[in-house]
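The values are calculated or read from the model by the stated rules, or taken from the named source; none is laboratory data. The structure presented is a predicted model; accordingly, all values stated were derived computationally and were not measured. Virtual Cβ from ideal backbone geometry, glycine too; neighbours counted across all protein chains shown. Surface areas here come from the heavy atoms of the whole protein model, side chains and all, with no ligands, DNA or RNA. Shrake-Rupley method; radii C 1.70, N 1.55, O 1.52, S 1.80 Å.
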Amino acid sequence: MATLVCVVCKTALGDGDGDGERFVLLQGGREEAHCSQVCLVANVERRRLASTAVRRRWLLRATAVALIVVGAPKLWHRIRVPQSASISFDPPEFRPPREPRPEPPMFGPAWPPTDQDWLTAFAHTAWTYPLPGPARRAPTTDDRLLTTRPSANRPGPLCRVAAKCGVDLGGELWGEHVYAVHDGVVDRVQHGTGDQRGDVYVRVAHFGGMVFTHYDHLAAVPRRILRGSPIKAGDLIGLVGDTGNEHPRRYVHFALSIHPSNELPEVYWDPTPLMAAWPLRLPPHGTVAGFVPSEADLTMPAFHHRPR
């Protein structure tokens, strides 16, 4: 029988008939003899390392194959498609000027409104002549300004046309009706100053408080005419009188002013051209008689006799 040799240290182990101590490792159908336990352990560790190395080599090969399968198309595309190239050139010596940016469009009416804006607005609304017909009274130009005096924060009033701030309309009868010329809200009511010449005055706001009509030298006003009361065109707003006059004469002073903002002056317009187109309100039975309403409907100015 052949002599056994340790597979690790190559030490002879005898002829295999039982002489000497030996360790045998069965690996599949093979037998590997070892001279000692140390050589057996060393052989087992060597085989484990060899097996691990084999598995690592197979793993690396599989990884390489996967990378080739995934990256080959991209690599091929990268090689075949030409690389992008930038073309650089010197800028031109002259650059055309940029077109100016257009201004943003403006919406809404102009501010402040122009005279033409007001004339257009006046032409598209309904008005009423302040005194009844059938005769249209001839207006007399007046240069008085019926407004508060200017202050540090409020500019003074102006006349759009010099010396034409309003008109005087003569009444044929004391107590003749005076009508509101346009829809609006009563802005101010003055019932007199307490003497025989105390003035009775009404101011009505129109167009959102930017236009005012003024009615001065009234004999009385209805009790419903209070500040904040709504008014319609043609409503009775007072009676023709002679209050506030040095020379007693039956007439009403009528004025129209525009004051869109406290930062702007109040401008009085000559109402004569506008009044020429305002319709007349005819009295019942074609006469001015019987116009004076009952005392319960009027607020008479409070007069006090001065002691002699």
Original post:
Taking only protein heavy atoms and a 1.4 Å probe, what accessible area per residue, in Å², does the range 22-123 have with all protein chains in place?
Top reply: 94
Subject >> Heavy-atom accessible area order for Arg227, Arg78, Arg281, largest first, 1.4 Å probe >> reply: Arg227, Arg78, Arg281
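So if R0 is 45 Å, what FRET efficiency would Arg30 and Ile79 give, r being the distance between their Cβ atoms, rounded to the nearest 0.05?
The pair Arg30/Ile79 has a calculated efficiency of 0.30.
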